[in-house]
1. Provide a single number: the residues in segment 101-136 that are at positive phi and modelled with pLDDT of 95 or more.
2. Would you pick out the residues in segment 49-63 that are modelled with pLDDT under 70, loosely packed, with under 14 Cβ neighbours inside 10 Å and in a loop (DSSP other than H, G, I, E, B)?
3. Which one is nearest to the chain's Cα centre (by Cα) among residues in segment 420-451 that are without any contact (Cβ under 8 Å) to a residue 60 or more places away in the chain and either surrounded by fewer than 18 Cβ atoms within 10 Å (Cβ to Cβ) or outside the structural domain of residue 262 (by TED's automatic domain parsing) (or both)?
4. Show me the helices (runs of 4 or more DSSP H) found entirely inside segment 273-390 where at least 3 residues are under 30 Å from residue 227 (Cβ atoms) and over 29 Å from the mean Cα position of the chain (by Cα).
5. Kindly establish whether residue 231 is touching a residue at least 12 places away in the same chain (Cβ under 8 Å) and over 30 Å from residue 368 (Cα atoms).
6. If you check residue 269 against the conditions, is it over 30 Å from residue 132 (Cα atoms), assigned to a loop (DSSP other than H, G, I, E, B) and either in the same structural domain as residue 457 (by TED's automatic domain parsing) or modelled with pLDDT under 95 (or both)?
7. Taking the options 373, 317, 323, name whichever one is in contact with a helix residue (DSSP H, G or I) (Cβ under 6 Å, 6 or more places away or on another chain), surrounded by fewer than 22 Cβ atoms within 10 Å (Cβ to Cβ) and not assigned by TED's automatic domain parsing to the domain that holds residue 38.
8. Looking only at segment 6-48, which residues are crowded, with 17+ Cβ neighbours inside 10 Å, assigned to a loop (DSSP other than H, G, I, E, B) and at negative phi?
């Protein structure tokens, strides 16, 4: 059971909910804060005070006062109107993350929603009722308005959800589960959609996949290192200590462990003095991406526990202040950084693939086939990797450098953070395919060089890999093999293979 308190939720805990089916509940203390802030909203409506989004319209129409008898209609109109997203839906796991993040931020007690709003969010998480939310339509400020409106739409019994492996009308699911749709009252519609939970949810899922992949690529590159008789002197701890980046030092240390006692690697001067950069600079390049992952994780975990609503309620209601915490700039920059860093992992990996298949760059059979000419072997595998790398270069263009005015120029600078997060997820998925191709080629090459000469770590990976796909001794439809290795990388338990 994961406890949400608005302040201390971690990516590790979210991962348990998303991928290990842990349930969630709210802390007792957080309920007290929620009830206190809700009383403030009720007092505002009773006294007819002018507070944005409570007794006024929204955006450019914030100067329009709303009669107290229209409070519920105002919030309902807001959710229906803002449910204007388009495109393919977010994955079910991302939408579940959005539910969790929205519940957690409301539990901070600065938004003024009733406890039953949060109870419904938690119920959806635990019963696996997951909103179907279009991916496109958010500018990343005033928060993720359209995606979060589609989430809120399901709380009132409208829209569609994923349920028991199917896409269903929300109202049908609520009837089956005997759950009453919510009726939103003062500020609750606004409290559900002001925030960065779409970009943060997608960012968390992209980060989790990227972190796992960056551990796996060290293993795939270790096999490549053996297949190309790489010079292990480059992992000497003294080289990395004098530069001073901890992540670079750690990559070099892990690479040394993976390749310990290998009879396929070489020492400086035995075959050549230096290797190409794609081998020699693995600690420097991979280490820099690990630096980025650490930065991204820090920003995401701040945002997970951030109050991103507007307005916010302070000092037991003595101060209700409008601000801009919904602006996604911190996450937008982090997502763009993640895009660039992961694209670089694919870049260097593809260069290693080229060295594995190009007979002018190694002492292996051309394109790793035992029958060159009649068979093409890994020729097109490298082309596929090159295509993915080039696609990543377009996806890695920073989304955050763009902005466009909206809402009658009231919202005149926006973050585009949700676009950046979506691109980051696409890039990570592309990188995994590139790593899958490196692993396929490196396994084949190591078999040519002699499985018995491999290190104990890499040999285990080769043996496990051969349970998943056969050797490339005969041309076949390699797309199926890429898919199988990709699935192994994404869903397999690698903890027994990898060192920390």
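The values are calculated or read from the model by the stated rules, or taken from the named source; none is laboratory data. Not measured: the values here are computed from a predicted model. Backbone-built Cβ (ideal geometry, glycine too); neighbour counts: all protein chains shown.
1. So in segment 101-136, the residues at positive phi come out as 109, 112, 128.
Narrowing further to those that are modelled with pLDDT of 95 or more: 128.
Residues that pass the stated criteria total 1.
2. Scanning segment 49-63 gives a single hit, 63.
3. Of the residues in segment 420-451, the ones without any contact (Cβ under 8 Å) to a residue 60 or more places away in the chain are 426, 433, 436, 447, 451.
Within this subset, residues satisfying the condition of being either surrounded by fewer than 18 Cβ atoms within 10 Å (Cβ to Cβ) or outside the structural domain of residue 262 (by TED's automatic domain parsing) (or both) are 426, 447, 451.
Values: 426: 9, 447: 35, 451: 36 Å.
Residue satisfying both the conditions and the ranking: 426.
4. Output list reads 329-357.
5. No.
6. When the stated conditions are applied, residue 269 passes them.
7. On the way: 373 fails: in contact with a helix residue (DSSP H, G or I) (Cβ under 6 Å, 6 or more places away or on another chain); 323 fails: in contact with a helix residue (DSSP H, G or I) (Cβ under 6 Å, 6 or more places away or on another chain).
Exactly one of 373, 317, 323 is in contact with a helix residue (DSSP H, G or I) (Cβ under 6 Å, 6 or more places away or on another chain), surrounded by fewer than 22 Cβ atoms within 10 Å (Cβ to Cβ) and not assigned by TED's automatic domain parsing to the domain that holds residue 38, namely 317.
8. Residue satisfying the conditions is 9 alone.
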